[in-house]
Amino acid sequence: MTNTTLAPEIRPAPIPFGELFPWAIFAGLVLLLAIYFVGAEQGAAHLFPGMYVHEFVHDGRHLLAFPCH
């Protein structure tokens, strides 16, 4: 004998654009900040004195093909 059960169809609830938009803006700003630190935080446009940030993101620069030497 076979026992057959019917499972209800489960559909994911749609995410409203109004709830997603602030998170997308936040993620974009974090991404721009990360690109700044990896790509431009050295030389005449630096925000922090010394080479601490440069040395911290040094390998990331090479990984993302930013020149630094």
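Suppose the filter is out of contact with any helix residue (DSSP H, G or I) (no Cβ under 9 Å at 6 or more places or on another chain) and either hydroxyl-bearing (Ser, Thr, Tyr) or exposed (fewer than 10 other Cβ atoms within 10 Å of the Cβ) (or both); does Pro14 pass it?
Criteria met by Pro14.
Condition first: assigned to a loop (DSSP other than H, G, I, E, B) and under 41 Å from the mean Cα position of the chain (by Cα). Now tell me which residues in the range 1-22 satisfy that. Spell out how you get there, then give the answer.
Narrowing the range 1-22 to residues assigned to a loop (DSSP other than H, G, I, E, B): 1-16.
Within the range 1-22, Ala7, Pro8, Glu9, Ile10, Arg11, Pro12, Ala13, Pro14, Ile15, Pro16 qualify.
With the checklist (1) under 21 Å from the mean Cα position of the chain (by Cα); (2) modelled with pLDDT under 75; (3) surrounded by fewer than 12 Cβ atoms within 10 Å (Cβ to Cβ) in hand, flag the one item Glu41 doesn't pass.
(3) is the only condition that Glu41 fails.
The values are calculated or read from the model by the stated rules, or taken from the named source; none is laboratory data. Model, not experiment: these values are computed from the prediction. Cβ: placed from backbone, ideal geometry, glycine included. Neighbour counts: every protein chain shown.
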